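Values in this text are rule-based calculations from the coordinates and carry no lab data. Only a predicted model underlies this, so the values are computations on that prediction, with no experimental measurement involved.
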Amino acid sequence: MGAYSTGSLDSFGRGIINMFRSRKKSAMRAKDRLKLVLIHDRTQLPPGVMESLKEELIQVLSKHVDVDRNAVQIEVAQEGRNQHLIANIPIQPTARKRS
């Protein structure tokens with residue numbers, strides 16, 4: 001350790017920490033991808049069906065409320081043997097009419 005200056009250790013330490021952070025992010029992305037693959041496999045939905053479903057839900061709901069299209073999230077969750085379609089569809093506030 002005597003061969004390294006304090007500045008080198010700090011820089012070296014930050015490098016190690018950053019390496020573990022990037023691995024953690026990669027691991028989380030891989031885990032999310034695996035979940036997506038498993039969900040599609042379990043639901044036996046053809047590719048693209050979730051995206052089509054999302055677009056259709058947005059179209060129907062947009063007839064009645066302002067939907068934040070960019071924030072819509074659709075997923076299938078597994079609870080035991082049951083599967084649930086979960087939709088998180090943020091809507092924009094609308095101006096209220098005063099009577």
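General observations
- Partners for K35 among aspartates and glutamates (Cα-Cα distance below 20 Å; same-chain residues under 8 apart left out): E51, E75, E79
- Per-residue HN-Hα couplings for region 26-33 [Karplus 6.51, -1.76, 1.60; θ = phi - 60°; Hz; x = Gly/Pro]: 5, 5, 5, 4, 5, 5, 4, 4
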